[in-house]
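Undergrad: Dropping the structure in here first, questions after.
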Amino acid sequence: MNDMDYQARLAWLSAELNRHIFAYHVQDAPLISDAQYDALFTELQQLEAAHPELVQADSPTHRVGAAPLPQFAQVTHAVPMLSLNNGFSEADIIAFDRRVRDALGQDMVEYAAELKFDGLAINLRYEKGIFVQAATRGDGTTGEDVTANIRTVRSIPLRLHGANPPNVLDVRGEVFMHKADFIGLNARQRAAGQKEFANPRNAAAGSLRQLDSRITARRNLSFFAYGVGALDGAAMPASHAALLAWYRALGVPVSKECAVVFGAAGLLAYFARIGHRRADLPYEIDGVVYKVNQFEAQLRLGFVSRAPRFALAHKFPAEEALTTVQDIEVQVGRTGAITPVARLVPVAVGGVTVTNATLHNEDEVRRKDIRIGDTVVVRRAGDVIPEVVKFVPALRPPDAREFVMPATCPECGSAIVKPADEVIARCSGSWTHCPAQKKGGLMHFVSRRALDVEGLGEQLIEQLVDKGLVHTAADLYNVLDLDALMGLDRMAQKSAQNVLEALEKSKNTTLPRFIYGLGIRHVGESTAKALAQHFGSLDALMQSAVSAGGGALQDVADVGPVVARSINEFMADAQNAAQVLALRDAGLHWSEAAPAQESCSTLSGKTFVLTGTLPNLSRDEAAALIEAAGAKVAGSVSKKTGYVVAGGDAGSKLVKAQELGIPLLDEAGLLELLESNKAVKSDQATAL
């Protein structure tokens, strides 16, 4: 055969094998025998080995796994992957439906109802119909690149069906493991003398995060789609149900259990129906998900913090078990909070062995009358920390002992105090004195949603503090070196070097991440972002926080009197202020902007939509410039969109913008607009 013949044969073999993979793994309807499939696969392998220059991107041979990767790269999601708010009772669902009806002004709302799979959320990117990248949810904004591992999941198409695929399509869904595959995996783990997985979700997550994709290929993972991220070059379906039907036509696997229902009664009926069938499903689920079906209505409802207003996860009742309280001890949190914890006789709850369970606070222990020696009901729902629900009166022994809150902190010996306006007792010692607060604060600082220092986990932090090597977050950058890290338990040279590189990488951060990483009480991610956007710089925030008792802080969205007082107390503390400055002196840096309240920016509050490929700027770079100007970047076009920035191969978003009469910009026009916006700010600053 000549090159044209080889290319044609390779293309036919690839298409034919992908067709049989889809029939077997998605439709559960094999068209040929295993032996026939193997013969085709072997021929393809041999041809590709002889002609590697002709290998296609969607070749089935890419599914067998590749050599180990050194680490996972980071991927910024074009459209954030948000979490869902939860509902647990019938009243929660009725209230959700009422909020939606009130907001939309409708007497009856159409919902899409589907299963809540117990797996790992994934974003699959297709460009012109070819699978090019997969990323985990991560923190919702940035995930891990697991492309090589996802290629081994045979139910995921490497090429979309149909003649006119979109330019860009981000398919959102769940990677999971069937119950039968989970049982088989644990049997192989036992036979090999290796640790077994606690449940299918842990097995799926662990399999997907293997650096060696050949291991992932042997784990037999599955996938169902349930959402969409970025879409360019095709019209967005009108509803969630239409989206899933489109996915089926594209060859993307979708659960057969999805349904369209009406009103709260329809939602509850679906929940009951699935609940009765839960045990018979071939995979684990921990609830169902409700979404307003029409996308136009979803846009009107919008989002709150990190979750959409148009969707809700209805969780199944928590799993419970009986066990005995061996002791009640207290743990000290990063803010000094004292939490009673029940030490339990080990018991399996929801597929996990539980040895400790929270009792929340002293008042809760008294209210539930939990005593040492009691037989108690322990509850665990999903990934929620196990809790003690109640004791069993008939099984209380005569020598059961009441819990007594210690007078001093078990970590540092400082007095334990309970402020008059709080239910939580606290260690009165500062974080510089209390090892538990120090460890908790450092763990928070290096966590994924803060400075994201990969490889610096709880065990390392404990050793660093216990050995007196690290006292503050700044010490992580100023004190640690290769010799210090290699002196720790289970820390070889390569691992130590990786930690140092991760610390160096974390110096380039963002102001919201830095503020959140400081661990200021009551300041979560949303509040940190609001503070950064309002003040624009760290100096402006610190100055406002200590001026006039921090009263100006209450001008910031999400900041009330309690949060303002907490920020003021943190920044007014000389040790905290010194730590903040030491971190900046250690090289931590971020982009800053003019304070929002001092800016008369014509772009403040405007919404931009990016579509197509810009000649010089990546989407992330363009989005960063737009957000720095005080505007927002959205993933879809609506009547509220201020500008659409269109590059090459712009698709349906450009068409919709033209239909709605929304101003259009190319890259040059965007940069000109941003420069004009800077001039307005400069003029205002001069006037001030």
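The values are calculated or read from the model by the stated rules, or taken from the named source; none is laboratory data. Small disclaimer: the values here were computed from a predicted structure and weren't measured. We place every Cβ from the backbone using ideal geometry, glycine too, and count neighbours over all the protein chains shown. We work out accessible area using only protein heavy atoms, side chains counted, and drop any ligands, DNA or RNA first. Shrake-Rupley method; radii C 1.70, N 1.55, O 1.52, S 1.80 Å.
Undergrad: Of these, 653, 639, which one is of a type in the set (Lys, Arg) and open to solvent by less than 40 Å² (accessible area, probe 1.4 Å)?
TA: Exactly one residue qualifies, and that residue is 653.
So that you can scan it fast, the table gives a plain yes or no per residue for (1) open to solvent by 10 Å² or more (accessible area, probe 1.4 Å); (2) touching a helix residue (DSSP H, G or I) at 6+ places or on another chain (Cβ under 7 Å); (3) free of Cβ contacts under 8 Å to residues at least 24 places away in the same chain:
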| site | (1), (2), (3) |
| --- | --- |
| 232 | no, yes, no |
| 242 | yes, no, yes |
| 248 | yes, no, yes |
| 256 | yes, no, yes |
| 268 | yes, yes, no |
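Undergrad: Find the residue count for the range 367-417, including only residues that are under 30 Å from residue 118 (Cβ atoms), among the β-branched types (Val, Ile, Thr), touching a strand residue (DSSP E or B) at 6+ places or on another chain (Cβ under 9 Å) and open to solvent by 50 Å² or more (accessible area, probe 1.4 Å).
TA: Number satisfying all stated conditions: 1.
Undergrad: Restricting to the range 285-343, and then to whatever is among the charged types (D, E, K, R) and within 28 Å of residue 107 (Cβ to Cβ), can you tell me which residue is surrounded by the fewest Cβ atoms within 10 Å (Cβ to Cβ)?
TA: Of the range 285-343, the ones among the charged types (D, E, K, R) are 286, 291, 296, 300, 306, 309, 315, 319-320, 327, 329, 334, 343.
Still in the list and also within 28 Å of residue 107 (Cβ to Cβ): 291, 296, 300, 309, 315.
On the way: 291: 22, 296: 11, 300: 16, 309: 17, 315: 20.
The residue in question is 296.
Undergrad: Check off (1) surrounded by 19 or more Cβ atoms within 10 Å (Cβ to Cβ); (2) on the phi > 0 side of the Ramachandran plot; (3) at pLDDT below 80; (4) not aliphatic (A, V, I, L, M) for residue 619 and give me the number that stays unchecked.
TA: (2)
Undergrad: Across the range 496-515, which residue is nearest to residue 478 (Cα to Cα) among those that are part of a helix (DSSP H, G or I) and open to solvent by 50 Å² or more (accessible area, probe 1.4 Å)?
TA: 504
Undergrad: Let me ask something else about it. If I filter the range 446-457 for residues that are open to solvent by less than 80 Å² (accessible area, probe 1.4 Å) and more than 22 Å from residue 524 (Cα to Cα), do I get at least one hit?
TA: Step one: list which residues in the range 446-457 are open to solvent by less than 80 Å² (accessible area, probe 1.4 Å), which gives 446-447, 450-453, 455-457.
Pick out the ones that are also more than 22 Å from residue 524 (Cα to Cα) and you get 455.
Yes, that holds for at least one residue.
Undergrad: May I ask you to list pairs of residues, at least six apart or on different chains, whose Cβ atoms are under 9 Å apart, with the first in the range 418-431 being without any contact (Cβ under 8 Å) to a residue 60 or more places away in the chain and the second being buried (at least 16 other Cβ atoms within 10 Å of the Cβ)?
TA: From the range 418-431, the pairs are 418/338; 418/362; 418/424; 418/425; 418/426; 419/425; 419/426.
Undergrad: Against the condition touching a Ser or Thr at 6+ places or on another chain (Cβ under 6 Å) and either modelled with pLDDT under 90 or open to solvent by 40 Å² or more (accessible area, probe 1.4 Å) (or both), how does residue 194 come out, does it pass? Quick ask: steps written out before the conclusion?
TA: Details: touching a Ser or Thr at 6+ places or on another chain (Cβ under 6 Å): no; either modelled with pLDDT under 90 or open to solvent by 40 Å² or more (accessible area, probe 1.4 Å) (or both): yes.
Judged against the criteria, residue 194 is not a match.
Undergrad: Right, next: Residue by residue through the range 634-658, note down the ones that are modelled with pLDDT of 80 or more and over 18 Å from residue 300 (Cβ atoms).
TA: Passing the criteria: 643, 644, 645, 646, 647, 653, 654, 655, 657, 658.
Undergrad: Spot the failing condition for residue 429; the list is (1) under 19 Å from residue 331 (Cα atoms); (2) part of a loop (DSSP other than H, G, I, E, B); (3) open to solvent by 50 Å² or more (accessible area, probe 1.4 Å); (4) not basic (Lys, Arg), and only one is missed.
TA: Only one criterion is unmet by residue 429, namely (3).
Undergrad: In the range 348-357, what residues are out of contact with any helix residue (DSSP H, G or I) (no Cβ under 9 Å at 6 or more places or on another chain) and surrounded by fewer than 17 Cβ atoms within 10 Å (Cβ to Cβ)? If you could, list the steps in order and put the result at the bottom.
TA: Kept after step one, since they are out of contact with any helix residue (DSSP H, G or I) (no Cβ under 9 Å at 6 or more places or on another chain), are these residues of the range 348-357: 348-350, 353-357.
Matches in the range 348-357: 348, 353, 355, 356.
Undergrad: Name every residue in the range 516-537 that is part of a helix (DSSP H, G or I) and within 19 Å of the chain's Cα centre (by Cα), in order of residue number.
TA: Answer for the range 516-537, where residues must be part of a helix (DSSP H, G or I) and within 19 Å of the chain's Cα centre (by Cα): 516, 517, 525, 526, 527, 528, 529.
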